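Worksheet: one structure, shown below.
The values are calculated or read from the model by the stated rules, or taken from the named source; none is laboratory data. Predicted, not measured: the structure shown is a model, and the values here were computed from it. Don't worry about glycine lacking a Cβ; one is built from the backbone with ideal geometry, like all the others, and counts go over all protein chains shown.
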Amino acid sequence: MQSHELGSTDETIVVLRRAFDELGDLFRIHVPSRGGSTWVASHPDDVKRVLVTNHRNYTKGVGIDRVRLLLGNGIMTSEGEFWRRQRRMMQSAFHRRVVERYASIVREENEALGAEWSAAARSTGGVNVTYSASRLALRVILRALFDDDLRQLVPDLDNNPFAAILQDARRDTRFAYEFRQLARDVKALVEVRRARRQERFDLLQLLLDARDADTGEAMSDAEIVDEVMTLVVAGHETTASTLNWTWWLLATHPAVARRVAEEQRDVGDLGHASYADLIRLPYMRQVVDESMRLYPPGWLLTRRSIGPDTLGGHAVPAGTDVFISPYLVHRHPQHWRLPETFDPRHFDPPQVEARHAFAYIPFAAGPRHCIGQNFSLYEILLHFNYAARRFRLTDPQPVQPFLEARINLRTASDVHMRIQQR
Ligand code: HEM
């Protein structure tokens, strides 16, 4: 058995990739610091078993400890009955009909980005796409959460304390400490909101108004703060990363970019679209799906078995760390034709139908799948509807960006591109 330290680190993705190429569907790696072995399961049948059919037998496991430092006991990190209650209370805030109420926020932020990109196209001719994407996603989630109160929390959005998440590459305990200081400011805002009782529509209000279906109880201030911090982090880097990778893939695949531009031109400005309107961008959706196939932001799902289980015909004892990596599953040679090639045709409907449903899991699956899936797809597709009709991004780094595979899978350095107005 191979022996390696495993975690959400840049080296882990390399180790897992190598072992997967050599050993395939199911393998074990000895992890010295944990004095035990971690199983890595990549067959879609095992994915289904761990995430769906036998999900009650798994907790989130090792990967989540570091995240908990940052996010407290929010919905991403909590377990058991408490998680179930929070998930039930939050679920309706992410329905399609609710998500589309953020249309004007998404629109205004795309227009702000568009103004900057137009200026760049006229002056330097270059943009830092990674930075732009990150800023867009952060501003959208912050405004969706706090509406006008954001100004009270962050008087100047360009000089905002949450921007540390955007600029600060450190993901260490000091960063976590500073991040928790922000939680204090959020708590102050929650108190103001409770006192004011004004009709509002934003995610914070939805959290304040949510009631436990069994007991009728609301969330406490501390619980709301943890959920808010969770949504800022979970809703920002993941979406930003998909925007970033997708722009890079378009820039390096001009034929795909041309087809995207044609579709966007034919469809025109979807403006304040409903969720159902997004169906009018089938090719763009395939491009985004393909981008998340090759570069799934949530590239590593960590779980730990509570009782024994059987995966791939092998007995897995209780208390075993089981990793599922969407990055590996999405490149499984038995489930994907030319798995290393960027080709949106992987998502042509006949191919999708013929494929195992659990060979594609960018938002995970089962009860703990991403609660923000609708939110992010809405934001991403509207971004491209706005920007791909106006701008052509080309001439990126000549080589594929290095991967930074920590909690999220990102480009190791910022992607700079040449920009032209269409
Ligand atoms: C492209 C964008 C996104 C991707 C690829 C993504 C991916 C994922 C994945 C893979 C998980 C499962 C993690 C695990 O089981 O260990 C997850 C969970 C979660 N995501 Fe997302 N996410 C995205 C956007 C968002 C957004 C926009 C939000 C919120 C506004 C969000 C909020 C959450 C939350 C709260 C969870 C935890 C759910 C639970 O455990 O019940 N995500 N996401």
### Summary
Filtering the stretch 208-248 for residues that are away from the ligand (no atom under 11 Å from the Cβ), surrounded by fewer than 23 Cβ atoms within 10 Å (Cβ to Cβ) and among the aliphatic types (A, V, I, L, M) leaves a count of 7
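With the requirement that a residue be of a type in the set (F, W, Y) and either more than 16 Å from G125 (Cα to Cα) or within 13 Å of the ligand (Cβ to nearest atom) (or both), what does the stretch 371-396 give you?
Of everything in the stretch 371-396, those that are of a type in the set (F, W, Y) and either more than 16 Å from G125 (Cα to Cα) or within 13 Å of the ligand (Cβ to nearest atom) (or both) turn out to be F375, Y378, F384, Y386.
Only one residue in T238, T242, T230 is modelled with pLDDT of 90 or more, under 21 Å from the mean Cα position of the chain (by Cα), polar (S, T, N, Q) and farther than 30 Å from M417 by Cα. Which one? Don't jump to the end; show me each part of the working.
On the way: T238 fails: farther than 30 Å from M417 by Cα; T242 fails: farther than 30 Å from M417 by Cα.
Result of the check over T238, T242, T230: T230.
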### Query
Hey, does the stretch 25-34 have a residue that's assigned by TED's automatic domain parsing to the domain that holds S3, hydroxyl-bearing (S, T, Y) and within 14 Å of the ligand (Cβ to nearest atom)?
no
### Residues (closer than 22 Å to H332 by Cα and surrounded by fewer than 18 Cβ atoms within 10 Å (Cβ to Cβ)) located in the stretch 42-60
D45, V52, T53
### Members of the stretch 70-101 that are near the ligand (Cβ under 9 Å from one of its atoms) and part of a loop (DSSP other than H, G, I, E, B)
G74, I75, M76, T77, S78
### Message
Taking the condition of being in contact with a helix residue (DSSP H, G or I) (Cβ under 7 Å, 6 or more places away or on another chain) and either among the aromatic types (F, W, Y) or not in a loop (DSSP other than H, G, I, E, B) (or both), how many residues in the stretch 252-287 meet it?
### Response
15
### Query
Given the conditions (1) at pLDDT below 95; (2) touching a strand residue (DSSP E or B) at 6+ places or on another chain (Cβ under 6 Å); (3) surrounded by 19 or more Cβ atoms within 10 Å (Cβ to Cβ), which single one is not true for T12?
(2)
### Message
Checking the structure you have, find out if any residue of the stretch 263-271 is within 24 Å of the chain's Cα centre (by Cα), within 16 Å of the ligand (Cβ to nearest atom) and touching a residue at least 12 places away in the same chain (Cβ under 8 Å).
### Response
no
